[in-house]
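The values are calculated or read from the model by the stated rules, or taken from the named source; none is laboratory data. Computed from a prediction, not measured in an experiment: that's the story for all the values here. We place every Cβ from the backbone using ideal geometry, glycine too, and count neighbours over all the protein chains shown. To get the accessible areas, we keep the full protein, side chains included, count just its heavy atoms, and leave off ligands, DNA and RNA. Shrake-Rupley method; radii C 1.70, N 1.55, O 1.52, S 1.80 Å.
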Amino acid sequence: GRKLCDMFPCGKEEVDQAIQSAHTAYLKWSKMAGMERARVMLEAARIIRERRDNIAKLEVINNGKSITEARVDIDVSWQTLEYYAGIAGTLAGQHIQLPGGSFAYTRREALGVCVGIGAWNYPFQIACWKSAPALACGNAMVFKPSPFTAVTAVILAEIYKEAGVPDGLFNVVQGGAETGTLLCNHPGVAKVSFTGSVPTGKKIMEMSAKTVKQVTLELGGKSPLIIFKDCELENAVRGALMANFLTQGEVCCNGTRVYVQREIMPVFLEEVVKRTKAIRIGDPLLENTRMGALITRQHLDKVLGFVSQAKKEGAMVLCGGEAFTPIEPKLKGGYYMSPCVLDNCTDDMTCVKEEIFGPVMSVMPFDTEEEVLKRANNTTFGLASGVFTRDISRAHRVAENLQAGTCFINNYNISPVEVPFGGYKQSGFGKENGQVTIEYYSQLKTVVVEMGDVDDYFNC
Ligand SMILES: NC(=O)c1ccc[n+]([C@@H]2O[C@H](COP(=O)([O-])OP(=O)(O)OC[C@H]3O[C@@H](n4cnc5c(N)ncnc54)[C@H](O)[C@@H]3O)[C@@H](O)[C@H]2O)c1
Ligand SMILES: C[N+](C)(C)CCCC=O
């Protein structure tokens, strides 16, 4: 609830400068061998690892999440740099034999200046998820963090510079929608990788279309988590908490529609409510805190509004869903709320259809696999999904039939850097993480080589 610092939004002049200097750096960086780029990126990863606790602390102050989670975010961040550094030296094309000794080959080339636009829930990690594959492929990046979490992307820029990237290779511009618009409309930009809401994603795509920029969209979700009666209940309950309450519930891939097979509903609810009530909310810098503060007063009010609406529509609040005031005087005025479990939910309720982006779990009973799959897929979103069952065939059948970019089996919200992450349907397209992301930050050139004479096709 207190001001952290003043940041000034970048206008046209600053955006032009950022893109121009990024382009100059790109010309140098893209000509370096992959192994050389890898060395610089490994050095950046080493610095992040060395300063992990300090960066995590800044991320807590930036975002409000607990220090325990922030440390995980920073670990994932340096691992992302290490992973793509490992790939940088392996980028290669293909050799294709043609008749008469002729041949063709392909070259994997950088795109140029890429723009990264981030959301506020994983500020440092998003900047790494975008910049690491971009830089590994030889691109430069101009990154715009959310104005609500402006601080830690700047730390990343300082670290890249210290590690030895050419000046301007990773530039940070501050600002909101206006600055973002300048970036997306800029003719000097080859690609936009965006993380944020569906409505903004649509605008990004529209703007990028004007100069046919490549686009990656990592958007919102309303993911289903399906819990069958044959599950290991203890794990399913823990999984439901993981799927709903990390980062105060402000997680794009959260499994907020929890479908529980009717026979185990009473025991599931008893356990999930008991554990939700026990989540320690408060000073996010303390080691034993597990839930910090939401991002802004406005967002807290929006989330509490979803809970009020759910009650009006007939849902029953089993726990939480209220503004929370920690006893420490310094935390007064912070944007805390108690995590909420909603029972008596039906598929047509607002809390079940719309992304809340806060600590609110909606629970619904189901009877059969066929029925639950139909209900789970009845959404315009498709970011993630989850299933808890001991039946291995069922687990894979359900994973195949869920319309989502990720399906977690017997766990939730696990995303190591080796594993591709991205949505189906209106949750976006393109992937982050994993080897496949190289394809989203590079382009393939074909070179065709004639070893004989050119045909006298025109007889002249
Ligand atoms: N799929 C994913 O990987 C992922 C990850 C995190 C968050 N999200 C989604 O992000 C949303 C929450 O984040 P948010 O509130 O920051 O989203 P948002 O769409 O409001 O803003 C995201 C970013 O876009 C910028 N922006 C806003 N309007 C713009 C415009 N017209 N042109 C260019 N840039 C513009 C913002 O300044 C911010 O940096 C949720 O829907 C969540 O699900 C998705
Ligand atoms: C690391 N998580 C928990 C999978 C979140 C990824 C980014 C989504 O908001």
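Got at least one residue in region 146-155 being outside any helix (DSSP H, G or I), modelled with pLDDT of 95 or more and within 16 Å of ligand 2 (Cβ to nearest atom)?
Checked region 146-155: at least one residue is outside any helix (DSSP H, G or I), modelled with pLDDT of 95 or more and within 16 Å of ligand 2 (Cβ to nearest atom).
What strands (runs of 3 or more DSSP E), lying completely within region 295-384, carry at least 2 residues that are out of contact with any helix residue (DSSP H, G or I) (no Cβ under 9 Å at 6 or more places or on another chain)?
Details: elements: 316-319, 340-343, 360-366.
Per the criteria, no element qualifies.
Which one is most open to solvent (accessible area, probe 1.4 Å), of the residues in region 152-185 that are within 14 Å of ligand 1 (Cβ to nearest atom) and farther than 15 Å from Ala18 by Cβ?
The residue in question is Ala177.
For region 139-151, give me each residue that is more than 8 Å from ligand 1 (Cβ to nearest atom) and closer than 13 Å to Ile19 by Cα. Give the steps one after another, and end with the answer.
Step one: list which residues in region 139-151 are more than 8 Å from ligand 1 (Cβ to nearest atom), which gives 139-143, 149-151.
The answer is Asn139, Ala140, Met141, Val142, Phe143.
For region 140-165, give me each residue that is touching a Phe, Trp or Tyr at 6+ places or on another chain (Cβ under 6 Å) and not aromatic (Phe, Trp, Tyr). Give the steps one after another, and end with the answer.
So in region 140-165, the residues touching a Phe, Trp or Tyr at 6+ places or on another chain (Cβ under 6 Å) come out as 140-141, 146, 148-149, 152-153, 157, 160.
Correct list: Ala140, Met141, Ser146, Thr149, Thr152, Ala153, Ala157.
Out of everything in region 419-460 that is in contact with a Gly (Cβ under 6 Å, 6 or more places away or on another chain) and surrounded by fewer than 11 Cβ atoms within 10 Å (Cβ to Cβ), what residue ends up being nearest to Trp129 (Cα to Cα)?
Per the stated criteria, the residue is Met451.
Kindly indicate which of Gln403, Gln426 is part of a loop (DSSP other than H, G, I, E, B), within 16 Å of ligand 1 (Cβ to nearest atom) and out of contact with any Pro (no Cβ under 6 Å at 6 or more places or on another chain). Steps first, please.
On the way: Gln426 fails: part of a loop (DSSP other than H, G, I, E, B).
That would be Gln403, the only listed residue that is part of a loop (DSSP other than H, G, I, E, B), within 16 Å of ligand 1 (Cβ to nearest atom) and out of contact with any Pro (no Cβ under 6 Å at 6 or more places or on another chain).
From the list Val260, Val267, which residue is open to solvent by 40 Å² or more (accessible area, probe 1.4 Å) and of a type in the set (Val, Ile, Thr)?
Values: Val260 fails: open to solvent by 40 Å² or more (accessible area, probe 1.4 Å).
Result of the check over Val260, Val267: Val267.
Of everything in region 388-400, what is open to solvent by less than 20 Å² (accessible area, probe 1.4 Å), more than 21 Å from Asp343 (Cβ to Cβ) and either not in a loop (DSSP other than H, G, I, E, B) or not hydroxyl-bearing (Ser, Thr, Tyr) (or both)? Give them in sequence order.
In the first step, residues of region 388-400 are kept if they are open to solvent by less than 20 Å² (accessible area, probe 1.4 Å); the result is 388-389, 395, 398.
Narrowing the set further to residues that are more than 21 Å from Asp343 (Cβ to Cβ) leaves 389, 395, 398.
Residues satisfying the conditions are Ala395, Val398.
Between a first residue in region 63-76 that is farther than 14 Å from Pro416 by Cα and a second residue that is among the polar types (S, T, N, Q), which pairs have beta carbons less than 6 Å apart while being 6 or more apart in sequence or on different chains?
The qualifying pairs are Asn63/Thr149; Lys65/Thr247; Ser66/Thr289.
Can you go through Glu418, Glu355, Glu432, Glu439 and tell me which one is more than 27 Å from Gln79 (Cβ to Cβ) and either in contact (Cβ under 8 Å) with a residue 24 or more places away in the chain or away from ligand 2 (no atom under 16 Å from the Cβ) (or both)?
Result: Glu355 is the single residue among Glu418, Glu355, Glu432, Glu439 that is more than 27 Å from Gln79 (Cβ to Cβ) and either in contact (Cβ under 8 Å) with a residue 24 or more places away in the chain or away from ligand 2 (no atom under 16 Å from the Cβ) (or both).
Is it the case that some residue within region 67-84 is touching a Gly at 6+ places or on another chain (Cβ under 7 Å) and either within 28 Å of Thr181 (Cα to Cα) or not in a helix (DSSP H, G or I) (or both)?
Taking region 67-84 first, the residues touching a Gly at 6+ places or on another chain (Cβ under 7 Å) are none.
No, because not a single residue in region 67-84 is touching a Gly at 6+ places or on another chain (Cβ under 7 Å) and either within 28 Å of Thr181 (Cα to Cα) or not in a helix (DSSP H, G or I) (or both).
So that you can scan it fast, the table gives a plain yes or no per residue for (1) modelled with pLDDT of 95 or more; (2) surrounded by fewer than 23 Cβ atoms within 10 Å (Cβ to Cβ); (3) in a helix (DSSP H, G or I):
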site: Lys202; (1), (2), (3): yes, yes, yes
site: Leu217; (1), (2), (3): yes, no, no
site: Lys229; (1), (2), (3): yes, yes, no
site: Gly239; (1), (2), (3): yes, no, yes
site: Met242; (1), (2), (3): yes, yes, yes
site: Thr247; (1), (2), (3): yes, no, yes
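Could you check, for region 362-372, whether at least one of its residues is closer than 17 Å to Phe245 by Cβ and either open to solvent by less than 10 Å² (accessible area, probe 1.4 Å) or among the charged types (D, E, K, R) (or both)? Let's see the steps before the verdict.
Keep residues of region 362-372 that are closer than 17 Å to Phe245 by Cβ, which gives 362-363.
Checking the rest, the ones that are also either open to solvent by less than 10 Å² (accessible area, probe 1.4 Å) or among the charged types (D, E, K, R) (or both) come to 362-363.
Yes, because at least one residue in region 362-372 is closer than 17 Å to Phe245 by Cβ and either open to solvent by less than 10 Å² (accessible area, probe 1.4 Å) or among the charged types (D, E, K, R) (or both).
Could you tell me whether Glu218 is within 30 Å of Asn139 (Cβ to Cβ), without any contact (Cβ under 8 Å) to a residue 12 or more places away in the chain and either within 11 Å of ligand 2 (Cβ to nearest atom) or out of contact with any strand residue (DSSP E or B) (no Cβ under 9 Å at 6 or more places or on another chain) (or both)?
Considered against the rule, which asks whether it is within 30 Å of Asn139 (Cβ to Cβ), without any contact (Cβ under 8 Å) to a residue 12 or more places away in the chain and either within 11 Å of ligand 2 (Cβ to nearest atom) or out of contact with any strand residue (DSSP E or B) (no Cβ under 9 Å at 6 or more places or on another chain) (or both), Glu218 comes out as no.
Can you confirm whether region 120-132 contains a residue that is within 16 Å of ligand 2 (Cβ to nearest atom), under 21 Å from Thr296 (Cα atoms), aromatic (Phe, Trp, Tyr) and open to solvent by less than 20 Å² (accessible area, probe 1.4 Å)?
yes
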